[in-house]
Amino acid sequence: MRRSLSLAVYSYEALMAATSAYRDICSVTVIRSGPAAIEIEIRALPGVSDEKRAAQEFLNYLLDASLEGRLADLQGSGLGNRDTISPS
Amino acid sequence: MLPTAPIVRIHQEGCSHSGDLMSLRTQPTPWIRVGEDGTLKIVVNTAIYPVEVLFRTCYTFTDRCYLFLEPDEEKNCVYIHISGKELSADVGAVAGEFANELINQELRRQIAAETRSIRELIVTQAFAEADFQARSDAEADYQEDPKGIAP
């Protein structure tokens with residue numbers, strides 16, 4: 001699965017964190033990198049049955065980590081009581 | 001002033017779509033489109049809802065569904081792709097909840113802005129009354145019982 005990630009939403013730090021967290025589930029390749037966006041390709045590792053779901057889980061983790069970083073910079077940010085998601 | 005206009009819709013001025021949305025079938029809620037694969041796509045106008053509000057809203061939903069954000073800064077909008085984590089998930093209902101949560105978060109943001117000065121005043125007053133230097137009682141040996149708690 002290929003996705004173009006806007007750096008206005010997604011961050012490099014979160015991408016690194018997500019890639020590390022999902023290193024046993026999928027591999028992530030940066031296809032193209034620009035000032036406003038990066039294009040990545042997500043491939044499930046052998047043994048992972050549902051590639052689409054693995055990619056979606058990775059993207060959700062990436063979004064979650066990115067939003068946490070963005071919101072932490074905002075004054076008085078309270079993220080509520082929702083549990084942080086983890087690789088499944 | 002709270003926004004009263006439709007807050008999330010596909011065919012907003014300046015956020016109009018072509019191409020892929022044409023293939024999406026219309027759902028009962030007119031500003032939500034659901035594709036054949038069950039993926040839902042809505043557009044949030046960031047001129048109405050700041051990205052902070054959008055981010056907070058998305059954050060509350062990432063444990064329930066898959067989200068992918070595709071901002072279009074030229075058109076001041078963000079395309080939200082939503083799909084359920086379970087095959088039986090009702091993404092249409094999730095989208096409705098998402099839109100309501102946008103209103104909720106925007107209201108919270110406005111109230112926080114309106115009450116910021118009074119909250120800061122309360123905290124300032126609370127800290128002004130506290131004497132952090134007088135720690136003799138707090139650090140006293142319990143056997144000395146400086147407050148006379150023991151009978």
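A short reminder: the numbers here are calculations on the coordinates, not readings from a lab. Predicted model only: the values in this text are computed from it and were never measured. Cβ coordinates were reconstructed from backbone atoms using ideal geometry, including for glycine residues, and neighbour counts include every protein chain displayed.
Show which lysines lie in cross-link reach of A:Lys52 when reach means a straight Cα distance below 29 angstrom and same-chain residues fewer than eight apart are skipped. Partners within reach: B:Lys41, B:Lys85.
Dimensions of segment B:45-151 based on its C-alpha atoms, expressed as ranges along the principal axes with the largest first, amount to 66, 35, 19 Å.
Can you classify segment A:1-63 as rounded, prolate or oblate using the Cα gyration tensor, where a ≥ b ≥ c are the square roots of its eigenvalues, rounded means a/c under 1.5, and otherwise it's prolate if a/b beats b/c and oblate if not? Prolate, because a/c is 1.5 or more and a/b exceeds b/c.
Packing, as the average of other Cβ atoms within 10 Å across residues, places the peptides A:25-37, B:46-58 in the order B:46-58, A:25-37, highest first. Note on A:5-14: average number of Cβ atoms from other chains within 10 Å of each residue's Cβ is 3.
Cβ-to-Cβ counts within 10 Å put B:Glu36, A:Glu13 in ascending order as B:Glu36, A:Glu13, the fewest first.
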